[in-house]
Amino acid sequence: IKDSFKIALLNKSYILFLINLFIMFTALFSRMGTIIYYYMNNLKSPQLISQYMLILGVSCAIGTLILKIFSKKFEKSKIVIISSLIAGLMLLTNYFLKEPSFQTMAIILIVYGLTMGIGSSLAFSMVGDCIEYVECKTSIR
C-alpha cells in the first residue's frame, strides 16, 4: 500500500485530475449555496430553488449525453479544459450581473450545466488513463 501511495503522488496526470476535480466541485457547491441564499434572502422566493435544481440536473444530464459527439472529434483533455473554462466564464458572468432576472440566471445555468456535464463526465473517465499510464511506466498498478 505504501508503494501505491508513493506512485500515486508521483503521477502528475492523476494529481492534475484531483486538482481539477477539487476546483470543479468547489465551484459547483459554492454556486449552489450562493444561489440558494440569493433566492431565499434577496428574491424572497425559496420555491425557485427547486426550479434551479431541476434546470441544473437536466442540463448536466444533457451535457453528459452530448459528450459522445464531442469525444469523437476532439481529444479528451482539450474538451475538459474548454468545458471548465466555459463553466468558469458562466460563473463570472453570473457574479458580475447586477440583480439578474430568473430567466437570465436560467440561461447561464443551462450553459453552466451543459459544460459541467461534459467536463465532469470526461474527467472521471480519464482516471483509468492516469492509472494505466503509471502502470506502463512502473509495472505497478
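Taking the stated definitions as given, is residue 138 open to solvent by 30 Å² or more (accessible area, probe 1.4 Å), more than 17 Å from the chain's Cα centre (by Cα) and among the polar types (S, T, N, Q)? Spelling it out, residue 138 is indeed open to solvent by 30 Å² or more (accessible area, probe 1.4 Å), more than 17 Å from the chain's Cα centre (by Cα) and among the polar types (S, T, N, Q). All of 77, 45 fail the test of being among the hydroxyl-bearing types (Ser, Thr, Tyr) and within 30 Å of residue 140 (Cβ to Cβ), apart from 77.
Kindly establish whether residue 132 is among the acidic types (Asp, Glu), closer than 22 Å to residue 39 by Cβ and at pLDDT below 90. When the stated conditions are applied, residue 132 does not pass them.
Give the residue, chosen from 5, 17, that is out of contact with any helix residue (DSSP H, G or I) (no Cβ under 9 Å at 6 or more places or on another chain) and either open to solvent by 40 Å² or more (accessible area, probe 1.4 Å) or of a type in the set (Phe, Trp, Tyr) (or both). Write out each step before concluding.
Details: 17 fails: out of contact with any helix residue (DSSP H, G or I) (no Cβ under 9 Å at 6 or more places or on another chain).
Selected residue: 5, the only one of 5, 17 that is out of contact with any helix residue (DSSP H, G or I) (no Cβ under 9 Å at 6 or more places or on another chain) and either open to solvent by 40 Å² or more (accessible area, probe 1.4 Å) or of a type in the set (Phe, Trp, Tyr) (or both).
For the residues 118, 110, the requirement of being open to solvent by 60 Å² or more (accessible area, probe 1.4 Å), closer than 24 Å to residue 50 by Cα, of a type in the set (A, V, I, L, M) and touching a residue at least 12 places away in the same chain (Cβ under 8 Å) singles out 110. Sort out which residues of the range 53-112 are of a type in the set (Ser, Thr, Tyr) and closer than 20 Å to residue 30 by Cβ, and write them in order of number. Within the range 53-112, 59, 83, 84, 93, 95, 104, 112 qualify. Remark: pairs (first residue in the range 81-93, in a helix (DSSP H, G or I); second residue basic (Lys, Arg); Cβ separation under 8 Å; 6+ apart in sequence or on different chains) = 91/31.
Among the listed residues 68, 72, identify the single one that is without any contact (Cβ under 8 Å) to a residue 12 or more places away in the chain, within 17 Å of residue 123 (Cβ to Cβ), assigned to a helix (DSSP H, G or I) and open to solvent by 70 Å² or more (accessible area, probe 1.4 Å). Explain how you work it out, then say what you get.
Working: 72 fails: within 17 Å of residue 123 (Cβ to Cβ).
Testing whether each residue is without any contact (Cβ under 8 Å) to a residue 12 or more places away in the chain, within 17 Å of residue 123 (Cβ to Cβ), assigned to a helix (DSSP H, G or I) and open to solvent by 70 Å² or more (accessible area, probe 1.4 Å) leaves just 68.
Scanning for something among the small types (Gly, Ala, Ser) and more than 23 Å from residue 16 (Cα to Cα), does the range 58-74 turn up at least one residue?
Taking the range 58-74 as the starting set, the residues that turn out to be among the small types (Gly, Ala, Ser) are 59, 61, 63, 71.
Okay, now just the ones that are also more than 23 Å from residue 16 (Cα to Cα), so 59, 61.
Yes, because at least one residue in the range 58-74 is among the small types (Gly, Ala, Ser) and more than 23 Å from residue 16 (Cα to Cα).
The values are calculated or read from the model by the stated rules, or taken from the named source; none is laboratory data. These figures come from a predicted structure and were not determined experimentally. Methodologically, a virtual Cβ is constructed for each residue, glycine included, from the backbone with ideal geometry; neighbour enumeration extends over all protein chains shown. The accessibility values were calculated without ligands, DNA or RNA, using every heavy atom of the protein model including side chains. Shrake-Rupley method; radii C 1.70, N 1.55, O 1.52, S 1.80 Å.
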